[in-house]
Amino acid sequence: MCSLLHYLYILNELLMLFVSEPASLKIKTLMAEQNMPDNSFVRISVKGGGCSGLSYDMSFDHEQKPEDQVFEDKGVKLVTDLKSFLYVCNTTLEFSDGLNGKGFEFSNPNASRTCACGESFAV
């Protein structure tokens, strides 16, 4: 019988996290401006809270944990914990700026609803 961990590692080969071209460019710019070490990455996690029940958290990190799920898209390394991965698999990190831009946003096909700010969701 496969353990949940083994099953999720197999899913990691089929499902992943994606980054749009504008988000990739913005992340690379921010990392350069902040003089992040070469081994830095974007950590994406899901926490309880927000008006829809779950909220996204995104930060720069450089320490991987043993059970982290690691993805790379358009030259950006994205890392998430196993629990969060269940909520964000196949999600695309988007970025829009300008007068109507909202900054970073998650385009999550697993979300059954999102709030107007785009920072929380429900499945």
Per the filter on the stretch 74-91, residues under 11 Å from the mean Cα position of the chain (by Cα) and surrounded by fewer than 17 Cβ atoms within 10 Å (Cβ to Cβ) are D81, N90
Tell me, yes or no, whether the stretch 76-96 has at least one residue that is assigned to a strand (DSSP E or B), more than 15 Å from S55 (Cβ to Cβ) and free of Cβ contacts under 8 Å to residues at least 12 places away in the same chain.
no
Would a scan of the stretch 114-121 turn up a residue that is among the hydrophobic types (A, V, I, L, M, F, W, C) and at pLDDT 75 or above?
no
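Quick one: which of I44, I27 is part of a helix (DSSP H, G or I), modelled with pLDDT of 95 or more, touching a strand residue (DSSP E or B) at 6+ places or on another chain (Cβ under 6 Å) and within 19 Å of S107 (Cα to Cα)? Spell out the reasoning first.
Working: I44 fails: part of a helix (DSSP H, G or I).
From the options I44, I27, the qualifying one is I27.
The values are calculated or read from the model by the stated rules, or taken from the named source; none is laboratory data. These numbers were taken from a predicted model, which means no experiment stands behind them. Methodologically, a virtual Cβ is constructed for each residue, glycine included, from the backbone with ideal geometry; neighbour enumeration extends over all protein chains shown.
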